[in-house]
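I have placed the structure first, in the form of structure tokens, so that the comments after it can refer back to it.
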Amino acid sequence: MADVKHTPGEWTPEFGETYNVRAPDGGRVATCTNLKGRNGLGGRRTSIEVAANARLISAAPDLLEALIAAEQALEHAGSH
């Protein structure tokens, strides 16, 4: 697997006036909004949906770690 280059986790969702995902150093990794589509065209997302998106994004480093572990386990299982 190629070297992964991303902001190190653990990422944390932050709920306030905006829904941000923060890195351990406090830097913003992502901002989730309630606007659908480009420039808000196509309606608005509910606050529940936006919060769920922020939680999902904040889980990305853990999900990547789990996928790498699964890949390694499958490679090891195939070598026997």
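Length gained on full extension, ASP3 to LEU63, computed as 0.36 nm times the residue gap minus the Cα-Cα distance: 20.0 nm.
With all pairs of different C-alpha atoms in the average, the Kirkwood value for the hydrodynamic radius of the chain is 14.5 Å. Near TYR19, the amide H atoms lying under 5 Å from its own belong to CYS32; only residues 5 or more places off or on other chains count, and H is placed 1.01 Å from N. In the context of the full set of protein chains, the chain has a per residue accessible area of 76 Å² (1.4 Å probe). In degrees from 0 to 90, rounded to the nearest 10, what is the angle of the helix 47-58 Cα long axis to the longest principal axis of the chain? The answer is roughly 30 degrees. With contributions of -39500 (n - 2.57) from each DSSP H run of at least four residues, the per-residue ellipticity at 222 nm computed over the chain stands at -13000 deg cm²/dmol.
The values are calculated or read from the model by the stated rules, or taken from the named source; none is laboratory data. Just so we're clear, the structure is a prediction, and the values are computed from it rather than from any experiment. These accessible areas exclude ligands, DNA and RNA; they are computed on the full protein's heavy atoms, side chains included. Shrake-Rupley method; radii C 1.70, N 1.55, O 1.52, S 1.80 Å.
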